[in-house]
Amino acid sequence: MAAEYKIDKEGQHAFVNFRIQHLGYSWLYGTFKDFDGTFTFDEKNPSADKVNVTIKPNSVDTNHAERDKHLRSSGVS
C-alpha cells in the first residue's frame, strides 16, 4: 500500500540545490531556500511512486547578493 510523506525541510533533511556551468570552465552552485513537497512511496508497486515539489524561484541563493538580485529580476527566465 502506498504511503504519502511530506518533505521535511524544517529538520534539515531536504535541500533543493543546483549547479550550472559558468563560462564553460567553472561551476556555480546554489540552493532554493523556500520549497514544499510530498512524495508517495509504494514498495510493492514502484511505478506508482510520485514526487510533487513546489519551489519559490525568488528564494534562490548563490551566495552572491548581486547575482541573486539579477536572478530574481523579471528579465530572467
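The table for this structure:
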read-out: Candidates 8, 49, 36, filtered to the one that is loosely packed, with under 14 Cβ neighbours inside 10 Å, within 15 Å of the chain's Cα centre (by Cα) and over 25 Å from residue 72 (Cβ atoms); value: 8
read-out: Matching residues, the stretch 50-77, being in a loop (DSSP other than H, G, I, E, B) and in contact (Cβ under 8 Å) with a residue 24 or more places away in the chain; value: 56, 62, 63
read-out: Test: residue in the stretch 26-33 that is within 16 Å of the chain's Cα centre (by Cα) and part of a loop (DSSP other than H, G, I, E, B); value: yes
read-out: Number of the condition not met by residue 21 [criteria: (1) of a type outside the set (A, V, I, L, M); (2) surrounded by fewer than 10 Cβ atoms within 10 Å (Cβ to Cβ); (3) touching a Lys or Arg at 6+ places or on another chain (Cβ under 6 Å)]; value: (3)
read-out: Number of positions in the stretch 24-49 that are over 30 Å from residue 5 (Cα atoms) and in contact (Cβ under 8 Å) with a residue 12 or more places away in the chain; value: 1
read-out: Options 76, 60, 53, 16: the member that is aliphatic (A, V, I, L, M) and in contact with a Leu (Cβ under 7 Å, 6 or more places away or on another chain); value: 60
read-out: Subset tally (residues that are touching a helix residue (DSSP H, G or I) at 6+ places or on another chain (Cβ under 8 Å) and among the charged types (D, E, K, R)) for the stretch 50-68; value: 1
read-out: Conditions (1) in contact with a strand residue (DSSP E or B) (Cβ under 6 Å, 6 or more places away or on another chain); (2) at pLDDT 95 or above; (3) not aliphatic (A, V, I, L, M): number failed by residue 4; value: (2)
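The values are calculated or read from the model by the stated rules, or taken from the named source; none is laboratory data. The structure presented is a predicted model; accordingly, all values stated were derived computationally and were not measured. For neighbour counting, all protein chains shown are included, and Cβ atoms are generated from backbone atoms with ideal geometry for every residue, glycine included.
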